[in-house]
2 protein chains.
Amino acid sequence: MAIQTAKSPLAASTKDGKKIKEQEKEAHALGMTKKKSADFLEWYYEALQKADVVDTRFKAKGFDVLMPTAMLVMEEMYKLLEGALRETGHMPLAFPVVIPESEFKKEALHIKGFEEEVFWITHAGKRKLDERLVLRPTSETAMYPLYSLWVRSHLQLPMKFYQAGRVYRYETKMTRPLLRSREIFWLEAHDIQKTKEDSLKQVEEDMAIFKEVMTDTLCIPFLPLKRMEWDKFPGADSTYAFEAAMPDGKILQIGTTHDLGQRFAKVFDIQFLDENGKKQHAYQTCFGPGVSRTLGAMIGIHGDDKGLILPPAVAPIQTVIVPIYTKESKAAVFAKCGEVLGWLAEKDFRVHFDSREQYTPGFKFHEWELKGVPVRLEIGPRDIEGGIISVVRRDFLERTTVPEEKLAEQLLEIMDSITFQLHKRANEMMLIQGAENFSDLKSRLIKGGFIRIPFCLNEKCDEKLKADTGAEVRGTLFGDSSKPHAGAKCAICGKPARAMVYVAKAY
Amino acid sequence: MAIQTAKSPLAASTKDGKKIKEQEKEAHALGMTKKKSADFLEWYYEALQKADVVDTRFKAKGFDVLMPTAMLVMEEMYKLLEGALRETGHMPLAFPVVIPESEFKKEALHIKGFEEEVFWITHAGKRKLDERLVLRPTSETAMYPLYSLWVRSHLQLPMKFYQAGRVYRYETKMTRPLLRSREIFWLEAHDIQKTKEDSLKQVEEDMAIFKEVMTDTLCIPFLPLKRMEWDKFPGADSTYAFEAAMPDGKILQIGTTHDLGQRFAKVFDIQFLDENGKKQHAYQTCFGPGVSRTLGAMIGIHGDDKGLILPPAVAPIQTVIVPIYTKESKAAVFAKCGEVLGWLAEKDFRVHFDSREQYTPGFKFHEWELKGVPVRLEIGPRDIEGGIISVVRRDFLERTTVPEEKLAEQLLEIMDSITFQLHKRANEMMLIQGAENFSDLKSRLIKGGFIRIPFCLNEKCDEKLKADTGAEVRGTLFGDSSKPHAGAKCAICGKPARAMVYVAKAY
């Protein structure tokens, strides 16, 4: 893979033959200056800019430019998610990005939920359109009129399609690059089932895919929370949100799956002939794993004061080779680096040999640490003599040496270990506390994370919570059937509690 | 790769254990009924629908749903094009799909060229936007304000970025799925150079990429035509269009590359410090290979009365294995098919074993021929006994047998041969005629294709040609420096000719 480095527009550029001192100054300008623990958002913005992830200077509010680092990582994320969806029988489609107003407005709850946050196309050229078009905020109302034409018989079911792409939401809250943007990169899978039970199985399959990719591979733990009735996806029977905890204690929804029941099938007339030749309305589910949001979570959760730390599974460069040489040793060192590059490329590692001569090794170390490359190899004349290679892992920045002939094997182990450690750190960072009353809840909210409370299930209490603290009830934990203990009181109003719910402040 | 077949929504569905006669009826409904030579467009529409390429029933004019066959082929097309762009030093980016009106209108010629064909976003939620947003028809005015911030020094140049995505044009001509749509899938590369010479080299590199992918790999020949002054991309110094000939004699522009000179650099203030520390305006080029349009061209050019014929390089399934068995031989035949699947998958063929038991082999043959799978393998008890495999290639529908142990090797040869033959057929189909006067030109236009004429270079003649015939001057052939013979007259007005140009009717 061709990797542009010095030409990266957000990094500094340099001149051939520049003096070491100037380079050091440059390395400093290139490197991080903000501390993650001091101010997460300041650190986050600096990391996005310096590691070539996002340029926030595009002149439409809430719309950002995704730079090469973002694109290359998202490419790997899409491969993982699309791979998992195809393995579970989903086929790709692409629906238009626009939806005619008449279709968009067919489902009353749906339009009510979205009408405040959609972009409207009203004109083309100098003409007013006969019918306004909405820039899709999600694709139910684009897809289901066609599903109505496609679905005929129970033999076709389940019918599973997905599309990878962008959706648009006119966020009125403060926008944040990747985390809360008006242009969102995601996938949406829309499935048709015969029965409610099949729908529930699909919801579980969606969750399993999400956990496999997001947690097991990208090291982002999340809680699957079933949203309160008043906080569901507009038109859904049930909404399950996948919520990650960010380092500043706020929560980020990085995906959802919805059990849509038969509501949309009735509105859009999606029916099938069952085994007895009788017409039935279909059951539907839809699953929306976030890609740009999850990238934001990944950067925020794993990064450190040196920059990004990318999980090996999605790092565009998994291993960078930096040569350490003098004029005399250059030929031998470059030859060995090329040899190692060949071995590793053959084993399907994504590996890059940083052969730029105008930079010192120290400058290169800085740059690749900033960009989050999981493993750095350093090869110099003494390593060659000893038949060893120096290895530095990005998570602990620890140096070790590996015998040449064991390199590929140990590299795999080191990458597994990095994945394991990122996962472990992220788990430790995800704070889950408990609170029994409002003052306890409020004081725990200062630290952030999730707070589990007994709750009366009354929307008014959620409103009071929001007004008083900015936090909200995010839902009940999927698969957790434990009840409040006997006599437990709602932590907000003190009336009898009916369920255990999770409270958090969200992006 | 999981491939849904019987569940394909545009194909017929069937019942387990259905009788052969019903299956035959179904195979007929599934199969093509239109003849390509009788009415190309009728054939084209039927092929799109039956081979699961496009559903044209989306309720916004000019916007279509791309079905799995389209998505899977385009996925391979994007891989090829992105691979070639990365090898030539381009890095991926994603700019927003919207452009603020003030940026869009900065370059006067550009806005003049596009103002009739852009979609306008004027409202969000119930509010009127402070500034209207345009749905990008192309991304110069989105990208170049940022380029102005990125470009600093000659050391960064050339700077090469591309984005893969969709653009939107309010086509007022008759829309056609894939060929002329309001939502276009493409890539756009935007490069910054130091000098005009570097720009011209970039134009040649773009053409080489285009030829390598579109012609050498996808078997679509094209003419690179330099557009007339009055027909250039709005704001460009020169426009080179890549034009393919469709079976009905009409021409389809499947890509362009533009030499933008310094016009945009001056408007958007893109400057760099040259070797002498002096500020210079940059030179720019942009390259837009079409993906959805090229898919339309590929289907139209290669297909036959049985359906699609996909070039092996982009066929989602390159080889399908169809078992031929009785109750007694089933176990042995399935085992052998699985074995062959394993051999071929290991050699990185995209191979599918069609193990569906409810269909006859004949039904399966029909379906995979319709979908354009390049090679079909048939394995039955007699083949197993003889240690051979029956092979049918999609282009000639010829059956041959191959010894088991030579299968992988010969399959490669057969796929190369299919590529070669598709290329040859397409070349033969691309009609290029000559004409010296208007009546000759008009009569040759009946057959279609390109007609090379001496031309006076006067726009008025192009207008007359358009008004009289619907055809137009498409440009001069890139790299062809031959002049009209001495005393040659313009084939339209009879005045002295100044250049040889190509005339055609276009989609």
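Read-outs throughout are calculated quantities, based only on the coordinates presented, and are distinct from any laboratory measurement. This structure is a prediction, so every number in the text was calculated from the model and none was measured. All Cβ positions, glycine included, derive from the backbone under ideal geometry; neighbour counts span all protein chains shown.
Worth a mention:
- Other copies of A:GLU357: label-to-label distances in nm, shortest first, labels 7 Å along the beta-carbon direction: 6.8
- For B:161-168, mean number of other protein chain Cβ atoms within 10 Å: 3
- Mean per-residue shielding of peptide B:86-94 is 6, counting Cβ atoms of other chains within 10 Å of each Cβ.
- Ordering of A:182-194, A:319-331, A:141-153 by burial proxy (mean other Cβ atoms within 10 Å per residue, highest first): A:182-194, A:141-153, A:319-331
- When the charge dipole of region B:432-504 is built from unit charges on Cβ atoms (+1 for Lys and Arg, -1 for Asp and Glu) and taken about the Cα centre, the candidate among B:ALA491, B:THR476, B:VAL501 whose Cα reaches farthest toward its positive end is B:ALA491.
- Between helix B:68-87 and chain B: long-axis angle, C-alpha atoms, 0 to 90°, nearest 10: 50 degrees
- Whichever lysines have a C-alpha closer than 22 Å to that of A:LYS483, once near sequence neighbours (fewer than 8 apart) are set aside: A:LYS226, A:LYS232, A:LYS460, A:LYS495
- Nm distances between copies for B:TYR45, ranked from closest, using label points 7 Å along Cα→Cβ: 5.5
- Environment charge at A:PHE119 (Cβ cut-off 13 Å; Lys +1, Arg +1, Asp -1, Glu -1): +3
- Helix B:438-447 and the long axis of chain B differ in direction by around 30°, with both axes built from C-alpha atoms.
- Largest first, the three principal axis extents of the alpha carbons in region B:288-351 are 53, 29, 12 Å in whole numbers.
- Value of relative contact order over region A:235-297, rounded to a whole percent, pairs C-alpha under 8 Å and six or more apart: 32 percent
- Bridge type composition, the protein assembly as shown - antiparallel percent by DSSP, nearest 5: 85 percent
- Two-site FRET efficiency, B:GLU42 against B:GLU87, from Cβ-Cβ distance with R₀ of 45 Å, rounded to 0.05: 0.65
- Magnitude of the charge dipole for region B:272-391, about its Cα centre and with charges confined to Cβ atoms of Lys, Arg (+1) and Asp, Glu (-1), is about 280 debye.
- Computed over the protein assembly as shown, Cα set: Rg, Dmax in Å: 30.3, 106
- Listed residue (A:PHE353, A:LEU377, A:ILE254) projecting farthest to the positive dipole end of chain A, Cβ model: A:ILE254
- Average other protein chain Cβ within 10 Å of Cβ, residues A:53-64: 5
- Ellipticity at 222 nm from helices only: DSSP H runs of n ≥ 4 in chain B, each -39500 (n - 2.57), divided by the residue count, give -10500 deg cm²/dmol.
- For region B:68-300, a simple Cβ point-charge model (Lys and Arg +1, Asp and Glu -1, everything else neutral) yields a dipole of about 680 debye relative to the Cα centre.
- Measuring nothing but how far apart in sequence close Cα pairs (under 8 Å, 6+ apart) lie, relative to its length, chain A scores a relative contact order of 14 percent.
- Ranked from shortest, the separations from the 7 Å Cα-to-Cβ label point of A:LYS466 to its equivalents in the other copies are 5.5 nm.
- Helix B:361-370 axis, angle to chain B major axis (alpha carbon atoms, nearest 10°): 0 degrees
- Beta bridges by DSSP in region A:68-300, antiparallel share as percent, to the nearest 5: 95 percent
- Debye log10 I(q)/I(0) at q = 0.08, 0.09, 0.10 Å⁻¹ for chain B, Cα point scatterers: -0.59, -0.73, -0.87
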